[in-house]
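The values are calculated or read from the model by the stated rules, or taken from the named source; none is laboratory data. Because the structure is a prediction, the values reported are computed rather than measured. Every residue, glycine as well, gets a Cβ built from its backbone with ideal geometry; the counts of neighbours run over all protein chains shown. When the accessible area is computed, the model is the full protein with side chains, heavy atoms only, and any ligands, DNA or RNA have been set aside. Shrake-Rupley method; radii C 1.70, N 1.55, O 1.52, S 1.80 Å.
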Amino acid sequence: MPSVAATYYDGLTAKRHAVEVSLHPDGLAIFSAEGRLVSSWPYQSIRRIEGHAGAGLAVTLLPQPGSTAEPLLEIPDMAFAADLAGRAPLTLTKGLRERRERRAVVFWAIAAIISLLGLAFYGLPAIAGRLAPLVPAAAEIRLGAAMDPEIRKTFGGDNGIRTCIGAEGQQALANLVGRFEEAAGLHVPLKVVVLNHRLVNAFALPGGYVYMFNGLLQKARSPDEFAGVLAHEIGHVKLRHGLRSVIQAGGLGFLLGTVFGDFAGGTAIILASRSLMQSAFSRDSERQADHFAVDLMLKAGGDPLGLARFFINAGVADPGGLSWIASHPANAEREQAIRDALTGAAASRPALTPEQWTALRAICQKTD
Ligand SMILES: [Zn+2]
């Protein structure tokens, strides 16, 4: 992983330092402009600062023995921030979190009342659609972060599922994700990982969490097929389909559970995670995500027909269900819509070079 520019405050003085940061196996390293190591932060002690003004990710280091300094690091590079988010727990810092929680309680109490009233008039799916855009991005990220361990447990048992971390593969993935992220203009940073599981599957949680299974990576016959599925999942992130589906499936129980603090590891989260994995999005949502994927690939690289080709290539669903094709049935209409959207569009550059594709396919040779 190459280094990127960032801004560092040591927490003792108000002086602003232009620094370079890079990711290493055991932590984040901060270098001065002259290349001197300023500080090194272990991943498990890094926390996200929510509500920080300015672009990109703002993080701090948990208090260290013998120090009261509260250092601050601002990272404008979104691809780097996403990579960091995949390695560090990045939960909110305590003081900020309490303030946010109080605000969230008020928000959800109001949301619960509105949904009670609205339910009588419109029914649940319509309410979920109206409510989702009102949820603050930070709350959506928290929801995704709480669901992430449930998803990993479902596929990997109590020890969780392994994340693939082959260095060159990660580099190729970060390159692709970085380009897509820049072109997509998302409300949350992406956290895309390849999970070491043989199932041909991929899905997106609320808050920018996208899981690409190794089974799907191996099934894809070209980088454009893989990138097409990834772009489609990013479409679900952009359009907040996961959040909508969670609100819809959890309904009032979920809203009330959240209001009363039953959040991380709580029943509401376990149920929400299960329902998201087991139920498919509506056909409308799928069509929108396909459309978004075509636009995204035309902007950021890759042949959008790769997505259509993947439907055919992976058309025979896995026996155990839970496959991408099981929740995304290939049909002629869907494929035709992609071809129609492409009429007249200029061919763009390939999603990945052959070298990057080879490296990405080998990403699971090393796991965490
Ligand atoms: Zn989908």
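Do you know which residues across the stretch 1-24 are within 13 Å of residue 83 (Cβ to Cβ) and free of Cβ contacts under 8 Å to residues at least 24 places away in the same chain?
Residues satisfying the conditions are 2, 22, 24.
Of the residues in the stretch 220-246, how many are within 13 Å of the ligand (Cβ to nearest atom) and open to solvent by less than 10 Å² (accessible area, probe 1.4 Å)?
Final tally of qualifying residues: 12.
Which of the residues belonging to the stretch 7-22 are part of a strand (DSSP E or B) and in contact with an Asp or Glu (Cβ under 6 Å, 6 or more places away or on another chain)? Can you show your working first?
The initial filter retains those residues of the stretch 7-22 that are part of a strand (DSSP E or B), namely 7-9, 17-22.
Passing the criteria: only 7.
So is residue 29 in a helix (DSSP H, G or I) and either at pLDDT 75 or above or touching a helix residue (DSSP H, G or I) at 6+ places or on another chain (Cβ under 6 Å) (or both) or not?
Values: in a helix (DSSP H, G or I): no; either at pLDDT 75 or above or touching a helix residue (DSSP H, G or I) at 6+ places or on another chain (Cβ under 6 Å) (or both): yes.
No, not satisfied.
Mind telling me which of the residues 204, 145, 183 ends up being within 16 Å of the ligand (Cβ to nearest atom), in the same structural domain as residue 309 (by TED's automatic domain parsing) and not aromatic (Phe, Trp, Tyr)? Steps first, answer last, please.
Details: 145 fails: within 16 Å of the ligand (Cβ to nearest atom); 183 fails: within 16 Å of the ligand (Cβ to nearest atom).
The match here is 204.
Of everything in the stretch 273-287, what is within 12 Å of the ligand (Cβ to nearest atom) and either in a helix (DSSP H, G or I) or over 23 Å from residue 148 (Cβ atoms) (or both)? Give them in sequence order.
As a first pass, look at the stretch 273-287 and keep what is within 12 Å of the ligand (Cβ to nearest atom): 276, 279-287.
Scanning the stretch 273-287 gives 276, 282, 283, 284, 285, 286, 287.
Assigned to a helix (DSSP H, G or I), away from the ligand (no atom under 15 Å from the Cβ) and either under 27 Å from residue 306 (Cα atoms) or modelled with pLDDT of 95 or more (or both): is that true of residue 173 in this structure? Break it down stepwise before answering.
Details: assigned to a helix (DSSP H, G or I): yes; away from the ligand (no atom under 15 Å from the Cβ): yes; either under 27 Å from residue 306 (Cα atoms) or modelled with pLDDT of 95 or more (or both): yes.
For residue 173, the condition - assigned to a helix (DSSP H, G or I), away from the ligand (no atom under 15 Å from the Cβ) and either under 27 Å from residue 306 (Cα atoms) or modelled with pLDDT of 95 or more (or both) - is met.
Could you say which residue among 190, 205, 217 is touching a Cys at 6+ places or on another chain (Cβ under 9 Å) and open to solvent by less than 10 Å² (accessible area, probe 1.4 Å)? Can you show your working first?
Values: 190 fails: touching a Cys at 6+ places or on another chain (Cβ under 9 Å); 205 fails: touching a Cys at 6+ places or on another chain (Cβ under 9 Å).
Selected residue: 217, the only one of 190, 205, 217 that is touching a Cys at 6+ places or on another chain (Cβ under 9 Å) and open to solvent by less than 10 Å² (accessible area, probe 1.4 Å).
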